[in-house]
1. Among Met20, Met98, which comes first, then next, by fewest other beta-carbon atoms within 10 Å?
2. Please give the length that would be gained between Arg210 and Arg42 if that part of the chain were fully extended, namely 0.36 nm times their separation in residues minus their C-alpha to C-alpha distance (nm, one decimal).
3. Please give the peptides 153-160, 236-243 ranked by average Cβ packing (other Cβ atoms within 10 Å per residue), highest first, as a rough proxy for protection.
4. So which lysines can Lys135 reach, going by Cα to Cα under 20 Å and dropping same-chain residues fewer than 8 places off?
5. Give me the net charge of Gly160's neighbourhood, meaning all other residues with Cβ under 15 Å from the Cβ of Gly160; Lys, Arg count +1, Asp, Glu -1.
6. Under 20 Å from the Cα of Lys156, which aspartates and glutamates turn up, not counting those fewer than eight places away in the same chain?
7. On a straight-distance basis, which lysines could pair with Lys64 in a cross-link, Cα separation under 17 angstrom, same-chain partners fewer than 8 positions away excluded?
8. With springs only between Cα atoms under 10 Å, which of Thr202, Thr63, Thr248 fluctuates most in a Gaussian network model of the chain?
Amino acid sequence: MPRFRIGTRGSPLALTQANMVRDALIAAHGWDRETVEIVTVRTTGDRVQDRALAEIGGKALWTKELDRALSENAIDCAVHSMKDVETLRPAEIVIAAMLPRADVRDRIIGATSIEALRAGAVVGTSSPRRAAQLKHRRPDLSITLFRGNVDTRLAKLKAGEADATLLASAGLARLGRHDVGTPIPVESMLPAPAQGAIGIETREDDSRARKWLAAIDDPDTSACVRCERALLAALGADCHSPVAALATITGDLLTLSAELLALDGSAKVADRATGAIGDPAMPKRLASDLLAAAPHAIARLFTGR
């Protein structure tokens with residue numbers, strides 16, 4: 001019987017997601033629960049809560065300590081919310097599996113819709129994508145920084161630090177908060193690339209872990225999320241870049257929808273492309289088309305323009 005160590009951040013949502021991975025491995029391989037250990041790793045992103053990620057190192061603040069634990073063989077895999085994983089990853093670490101994707105939508109808390117917010121309302125978020133989308137639809141809104149886990153953000157909202165906030169439906173559902181907030185249709189607010197997906201990384205040279213993890217991989221989720229991440233790579237996007245994207249599969253075809261925005265929401269460019277599942281050229285073509293159509297206020301945020 002193997003001993004398998006799952007590394008994770010220590011937030012309630014991260015621990016819930018790690019336990020989902022443990023349950024999936026146990027179900028796939030018939031392991032005893034005691035053989036799969038949850039190892040909590042405190043990250044810089046958990047420690048620093050008063051500044052936007054883009055100001056203090058970006059998405060790597062969620063991953064670098066887990067990367068180190070992997071490289072030092074302190075854990076056998078690391079569990080991540082895929083939307084928090086930077087596009088360029090260390091060569092010695094691979095995304096080995098993704099669980100079936102959950103609801104990709106955002107939820108608005110504090111109002112029934114974006115349109116229902118009062119004139120000049122304050123919305124708390126740390127996401128450049130959400131801030132730009134809100135300002136594009138409602139230029140009168142004010143944005144204030146909201147960071148922290150779900151309970152922290154909801155507490156800030158209850159304390160009156162903002163009129164509303166946005167959170168991912170998937171995270172709320174995994175925490176049993178199905179009744180919190182109102183879902184925003186993807187037609188109105190396209191989600192972050194990889195939103196709703198749980199990814200599991202391991203060492204590239206750990207063939208045993210890769211084989212075990214492959215058994216719990218959801219092929220459709222992997223195909224869609226990898227396509228969305230390929231778009232980010234082609235755009236040269238980082239945590240400063242307001243970009244939204246969603247891939248969906250119908251039959252043998254994958255459709256990738258995306259939009260790029262100016263930081264202040266003053267401009268937006270959107271497009272979509274359809275191609276074969278796993279076609280590496282398709283997200284590159286879409287990135288090229290988006291950048292070609294983008295005004296300077298948007299293009300300068302990508303690929304060093």
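What follows is calculated from the coordinates using simple rules that are stated; it is not laboratory data. Keep in mind the model is a prediction, meaning the values are calculated, not measured. We place every Cβ from the backbone using ideal geometry, glycine too, and count neighbours over all the protein chains shown.
1. Exposure proxy ranking, most exposed first: Met20, Met98.
2. Stretched fully, the Arg210-Arg42 segment lengthens by 58.1 nm.
3. Answer by packing, highest mean first, reads 236-243, 153-160.
4. Excluding near neighbours in sequence, the set is Lys268.
5. Computed value for this residue: +2.
6. Asp46, Asp50, Asp106, Asp179
7. Counting by Cα, and skipping residues close in sequence, Lys64 has these lysines nearby: Lys83.
8. Residue with maximal mean-square fluctuation among Thr202, Thr63, Thr248: Thr248.
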